[in-house]
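Nothing in this text is a laboratory measurement; each read-out follows from the coordinates by a stated rule. Computed from a predicted structure; not experimentally measured. Heads up, the Cβs are rebuilt from the backbone with ideal geometry, glycines too, and the neighbour counts pull from every protein chain shown.
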Amino acid sequence: MDIEVYEGLDRESLTAPAHVPAAVVRAAGDDARSPVPTGVHRSVALAVARGSEKTARLRLERLARVVMSTGQVDSPVAVWSTDWSTLPSAAYEALDRSIGATWGAPSTRNAMRDSVRAVVRACRDAGLMTHDRATVALSALRPEKIGRDEEKQARGHLGREAVKAAFAAMAADESPTARRDAALIALLVGAGLRREEAAALDLADLDSGRETLVVTGKGAVVRSVPLAPGVRRAIVAWLEVRCDEPGPLLTPMSKTVPRVAETGRRLSVNAVAAAVKRRFAGEDATVRPHDLRRTFVGDLLDAGADLSSVSKIVGHTSPSTTAGYDRRGIEARRAAVEKLSVPFV
């Protein structure tokens with residue numbers, strides 16, 4: 001794969017953001033994470049070896065789109081089979097200019113840059129690139145600083161009344177499915193779990209007092225999540241239906257009547273999304289599981305919890321990620337400053 005060094009770039013010289021078929025990305029992801037990749041070069045495979053399959057596929061897709069958008073390469077396979085450790089620094093500089101000219105939103109440009117930076121970091125860590133060469137390549141793809149968009153951060157949060165109404169409706173519904181959905185939504189909006197994390201829970205992840213949950217998050221990182229009293233009550237109510245058989249905590253319900261929990265099967269992530277959509281069907285916009293997680297973070301910060309503690313509870317590597325969920329505006333910051341005493345006479 002050759003990437004020319006551009007003296008100048010204009011939008012007309014670039015192609016529109018390329019599309020990479022999902023089936024092709026899926027096959028490349030499976031190959032990259034296999035014991036001996038055959039079509040994906042080691043420099044790329046190392047960048048997607050850890051983390052979830054979803055993250056690996058997204059990174060592969062973005063990497064291909066970055067290069068294909070230059071118009072010099074028309075095959076994603078050529079991108080993935082390239083030894084990225086041998087590319088000159090000028091090639092990384094060219095890719096950065098191409099990203100800047102192709103994608104309009106700074107956050108999207110940074111996401112595209114990160115797909116390339118991940119490969120460079122993997123090459124450096126594996127000894128395929130020297131530290132000096134990797135530093136130069138990473139500097140060529142330095143992320144843009146993005147200002148705080150308070151309007152955007154306020155979106156995707158559910159109001160207290162909407163959450164209360166959803167739980168009231170499930171309480172009025174005496175079906176076993178309503179008990180399960182109440183426990184699910186309590187874990188999302190009251191413990192901040194991702195939908196994948198909720199679906200992956202086992203009964204054994206609950207402590208004997210039903211007060212703490214062991215959660216396996218992104219990158220197989222394990223964290224302990226304390227449960228609020230309302231969450232504990234919702235789980236106990238569900239366990240009265242589910243019983244104490246070992247297995248997945250959240251299960252599908254049998255199709256036969258009377259409906260019982262199928263403890264040998266796990267609730268899928270799509271079923272989690274469907275349950276949330278169904279229980280918040282009265283809202284103006286479709287409610288997604290991540291909206292409940294976002295609401296959980298916002299509620300804790302509104303209640304005065306410190307950013308570091310909230311970050312640990314939800315499993316964010318950096319508190320800066322958690323800050324992106326902060327819906328408090330300038331008034332909250334002004335109120336914080338008012339508490340400061342400056343001894344000026």
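Here are the numbers for this structure:
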item	result
Spacing of the two label points (7 Å from each Cα toward its C-beta) at Val77 and Val257, in nm	5.4
Among (i) 37, 25, 19; (ii) 32, 29, 16; (iii) 41, 27, 19, the entry derived from the coordinates for semi-axes √(5λ) of the Cα gyration tensor in Å	(iii)
Evaluated over the stretch 160-328, the Cα radius of gyration and Dmax, each in Å	15.4, 48
Helical mean residue ellipticity (222 nm; -39500 (n - 2.57) per DSSP H run of 4+; nearest 500) of the chain	-15500 deg cm²/dmol
D (Stokes-Einstein, µm²/s), Kirkwood Cα radius, the stretch 84-200, 0.890 mPa s at 25 °C	134
Contour minus Cα-Cα distance for Asn270 and Ser341 (0.36 nm per residue)	20.4 nm
Between the stretch 266-283 and the stretch 307-342, the Cα center-to-center distance that results, in Å	29
Candidates Arg266, Arg160, Arg57, ranked by Gaussian network fluctuation over the chain, Cα under 10 Å, top entry	Arg160
Interchain or long-range residues, amide H under 5 Å from Leu213's placed H	Val225, Leu227
GluC sites (Glu not before Pro) within the stretch 194-264: DSSP coil, no more than 16 neighbouring Cβ in 10 Å	Glu211, Glu262
Alpha-carbon radius of gyration plus Dmax, which is the widest Cα pair, for the stretch 132-222 in Å	20.0, 64
In order through the stretch 32-38: 3J(HN,Hα) via Karplus (6.51 cos²θ - 1.76 cosθ + 1.60), integer Hz, x for Gly, Pro	4, 9, 7, x, 9, x, 10
Approximate spin-label separation Thr317-Thr212, in nm, with each point projected 7 Å along Cα-to-Cβ	2.6
Nonlocal Lys pairs with alpha-carbon distance under 29 Å, the chain (8 or more apart, or different chains)	20
For the chain, built as a Gaussian network whose Cα springs stay under 10 Å, the top-fluctuating residue of Ala332, Ala275, Ala118	Ala332
Simple label model, 7 Å out from Cα along Cβ direction - Lys145 to His19, nm	3.9
Percentage relative contact order, the stretch 49-125, counting C-alpha pairs under 8 Å, at least six apart	32
Percentage of interatomic Cα-Cα distances in the stretch 214-261 larger than 18 Å	48
Euclidean distance between Cα centres, the stretch 160-239 to the stretch 26-65, Å	33
Environment charge at Thr212 (Cβ cut-off 11 Å; Lys +1, Arg +1, Asp -1, Glu -1)	0
